[in-house]
Amino acid sequence: MRSPAPSLSPSEAARRLGVSAKALRLYEQRGLVDPGRTTAGWRAYGQAEMTRAAEIVALRALGFSLAQVGRVLQGNSQGLEPALAAHQEALEAQLRQLARTVEKVRGLRSGVAQGQTPTIGELAGLLAPVSEIRVAFDLPWPWGGERFELREIRPLNYIIGPLGSGKTRLAQCLAQALLNATWLGLERLADGGAAARSRLDGDPALKSRLDQALAWLAEDGATPSDALVALLAGLEADGPDALVVDMIEQGLDQATQEALMARLRRRGADARPIFMLTRSCAILDLSAVGPDEAIILCPANHSPPTKVAPYPGAPGYEAVATCLASPEVRARTAGLVAWRQPDLASEGSKACERPPARESLKTPD
């Protein structure tokens with residue numbers, strides 16, 4: 001007689017499923033999975049719980065909200081069409097990218113047949129996204145003119161650093177250097193997001209997309225608010241090829257931040273890049289960073305900004321981890337002392353030339 005499979009702890013179960021232990025706790029809180037308990041009272045995941053959790057993980061990978069996952073597990077198809085449509089769109093974007101890569105391979109093969117040897121760069125380029133964006137500029141104060149270059153830009157890019165490290169200035173310069181990029185500063189929150197609501201009144205198509213996004217986020221546990229509407233008005237807008245967002249978590253509670261990140265991750269590898277300044281561990285969950293995400297650290301000693309790999313032991317990992325705090329802590333410390341955000345549209349390149357003025361009642365840098 002075969003002995004029953006051993007139960008797994010939450011951390012072991014999360015590792016096998018490829019998610020964080022925090023995600024498993026969220027599934028449990030929403031009633032999607034019910035782990036057993038050891039005699040000592042600790043959570044334990046047996047075969048049945050692991051099977052159910054794997055189903056949840058698969059549905060989340062398809063872009064379903066937690067509410068949609070719950071309905072699917074109950075056999076209810078309500079609200080699935082938009083999620084399936086979004087997944088189809090992501091798959092079609094991947095097909096277009098693969099088609100472009102196939103065309104590049106065909107061209108290289110033709111050249112080889114004619115005696116032309118492809119360069120190392122051309123061969124390496126077969127592994128890189130065709131839509132790769134590159135940007136380079138001289139770093140402003142406090143770095144003193146050192147060169148900064150990003151050879152590839154991911155769909156999700158986090159900019160992080162301690163107070164006074166210059167991350168806001170780096171983000172402003174990125175917004176200027178990137179072709180057709182938009183800066184979403186903290187002014188979006190002024191007067192309860194009045195500017196965003198005025199924009200929505202004059203743009204029915206944007207309002208429709210925003211309403212759909214709000215509905216999806218609410219199903220995933222987000223709390224609708226003026227801050228969320230102001231943020232989504234920028235994220236859902238047509239036109240910009242890249243977005244740079246100042247303190248994306250500002251005004252959002254933890255559940256909303258987690259729902260927002262789930263939605264941003266489901267956009268796929270072909271999505272336009274978003275750069276997010278953050279100090280929230282709900283936005284930058286180091287255990288959940290995927291291949292389509294990058295972390296840019298501005299060190300405290302004003303060394304040039306650098307990319308940091310999201311695993312313990314990597315250079316800069318501990319510095320990134322110490323910059324992060326829970327949404328509750330971030331809410332308590334927000335608004336003490338911060339850097340003023342210059343108006344990029346009117347200031348031009350000046351935002352990358354001089355140190356910013358200090359101002360109270362805004363999120364710390």
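Things worth noting here:
- Meets criteria (modelled with pLDDT of 90 or more, of a type in the set (Gly, Ala, Ser), under 30 Å from residue 226 (Cβ atoms) and outside any helix (DSSP H, G or I)) for residue 165: yes
- Any hit, the stretch 217-230, residues being buried (at least 18 other Cβ atoms within 10 Å of the Cβ), over 11 Å from the mean Cα position of the chain (by Cα), at pLDDT 95 or above and within 27 Å of residue 80 (Cβ to Cβ): yes
- Some residue of the stretch 269-278 being of a type outside the set (A, V, I, L, M), modelled with pLDDT under 90 and either in contact with a Cys (Cβ under 9 Å, 6 or more places away or on another chain) or open to solvent by 40 Å² or more (accessible area, probe 1.4 Å) (or both): yes
- Residues within the stretch 55-69 that are modelled with pLDDT of 90 or more and surrounded by fewer than 22 Cβ atoms within 10 Å (Cβ to Cβ), tallied: 1
- Criterion (open to solvent by 60 Å² or more (accessible area, probe 1.4 Å), touching a residue at least 40 places away in the same chain (Cβ under 8 Å) and within 23 Å of residue 263 (Cα to Cα)) met by exactly one of 176, 212: 212
- When residue 158 is tested against (1) under 18 Å from residue 283 (Cβ atoms); (2) at pLDDT below 95; (3) not charged (D, E, K, R), exactly one condition is not met: (2).
- Tabulated pairs, the stretch 87-113, first within 20 Å of residue 265 (Cα to Cα), second open to solvent by less than 60 Å² (accessible area, probe 1.4 Å) and among the acidic types (Asp, Glu), C-beta under 7 angstrom, 6+ apart or interchain: 93/270; 94/270; 97/270
- Matching residues, the stretch 27-49, being part of a helix (DSSP H, G or I) and crowded, with 19+ Cβ neighbours inside 10 Å: 27, 49
- Residue 135 vs. criteria open to solvent by 30 Å² or more (accessible area, probe 1.4 Å) and β-branched (Val, Ile, Thr): no
- In this structure, residue 52 qualifies as open to solvent by 40 Å² or more (accessible area, probe 1.4 Å) and either among the aliphatic types (A, V, I, L, M) or within 27 Å of residue 262 (Cβ to Cβ) (or both).
The values are calculated or read from the model by the stated rules, or taken from the named source; none is laboratory data. Since this is a predicted model, take the numbers as computed values, not measurements. Every residue, glycine among them, receives a Cβ derived from its backbone with ideal geometry; neighbour counts consider all protein chains shown. Accessible surface is based on the protein model in full, side chains and every heavy atom, while ligands, DNA and RNA are left aside. Shrake-Rupley method; radii C 1.70, N 1.55, O 1.52, S 1.80 Å.
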